[in-house]
Amino acid sequence: MAQAGGVDAVDVTEARDTEAVADAVDAADVVEAGRGGGGRRRAPGPGARHARVRRTLRAALRPGPWKRGLVLAAAALLLGLLMLLHARITDRGGIGSLVETFLPWFGLFVPVLLAGALWRRSASAVVALVLPVAVWLSLFGGLLVDKSRTGGDLTLATHNVGADNPDPAGTARDLAASGADVLALEEITPQAKPVYERELAKAYPHHTVRGTVGLWSRLPLSDTRPVDIEQDVGPLADTKPVAEVAPDGRALRATVATDQGPLAVYVAHLGSVRVHPSGFTTGSRDRNARALGAAVAAEPNQRVVLLGDLNGTVGDRALDGVTSRLRSAQEAAGDGFGFTWPTEFPLARIDHVLVRGVTPVSAWVLPATSSDHRPVAAGISW
């Protein structure tokens, strides 16, 4: 950045020119004073006149509000273009996916740039900020409005309970108290599975667990089966027996019998995303998302719900195969961004309730449990 001590380089040059002219005027004053004899000016009139000239020159040569803060103006325009054209950013090394995951947070640069523009009294920087503000509002402004309504025929909830959860029994009790009619859990370990089954049995008489994901329901379940999201691929995966692959399953499908008819419910936990010095690793997540999108596309039931930890936001291009066929309950009927991860200071919503053929009427984030994710819930109607 072409700045020194917070002043644009062009401002420094112009300021030096102004001082040079002012010094010339001062020199003229000295000469005129010397001519007056004794180092004293002949009369106060000329000195006052030259002081006014100096002030006029400084005011005339000082950079105007449209010339100050050009670096800030350029930064504002680049910010706006980055948000506007985020889909064109390369996804090499997962960079595009990383940007889209945290895109809402780019809005925090706006008040920073605005503060700089006001401090520099730069009209050009203030005007340039119109672009990022307009783009951010077009992308996320709708999430600032509470769209939730009362009512709903069915309440759904999903929670990545965490493999390292120190209190699975407490987590189960908290979820049972949420009032959800259908509850999906992800990242169930073999050790914690009997704990969840025991603690949730009273509230949810029907349940199924496949691999590390499970579904609990107050209503009858049928046609439950695992969903192949290509967790294991390649020649080595082809040699694994079903008994070895099944415990690692991360997706299932079941039919929930409701008073309004059958509802197809998918539970999924897509592959994890890792940040490394070399980039953003998304290979398994992206592969899982494509396979899950294909499964949802082939689903014959028109009423479909997807519950789970997708390890990505609905704005992430890697999830297009899923989000192009289902819509987010949070975006349709929620209040705010509904960030879910990490629990201590949520930065992104990667846990979702996505629907097709039903109407979301409300969506919200449930209180934190002992997991590193926060549970989410949504009410739907027919």
Review point. Ranked from highest to lowest mean number of other Cβ atoms within 10 Å per residue, what is the order of the peptides 124-137, 144-157?
Key: 124-137, 144-157
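Provide ASP223, ASP351 ordered by accessible surface of protein heavy atoms (probe 1.4 Å), highest first. Walk me through the numbers on the way to the answer.
Values: ASP223 85, ASP351 0 Å².
My answer, sorted largest first, is ASP223, ASP351.
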Check your understanding: Roughly how many Å² of SER122 are accessible to a 1.4 Å probe, to the nearest 10?
Key -> 0
Review point. If you count, for each residue, the other Cβ atoms within 10 Å and average over each peptide, how do 372-379, 341-348 line up from highest to lowest?
Key: 372-379, 341-348
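Take the Cα radius of gyration of region 85-235 and divide it by 2.2 N^0.38 Å, with N its residue count; two decimals is plenty.
Numbers: Rg = 23.1 Å, N = 151, 2.2 N^0.38 = 14.8 Å.
Against the compact-globule rule of thumb, the ratio is 1.56.
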Exercise for review: Mind jotting down the three principal axis lengths of region 261-382 based on Cα atoms? Whole angstrom, largest first.
Suggested key: 49, 32, 22
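The values are calculated or read from the model by the stated rules, or taken from the named source; none is laboratory data. Only a predicted model underlies this, so the values are computations on that prediction, with no experimental measurement involved. Reconstructed Cβ throughout: ideal geometry from the backbone, glycine too, with neighbour counts over all protein chains shown. Protein only, heavy atoms only, side chains kept; ligands, DNA and RNA dropped before computing areas. Shrake-Rupley method; radii C 1.70, N 1.55, O 1.52, S 1.80 Å.
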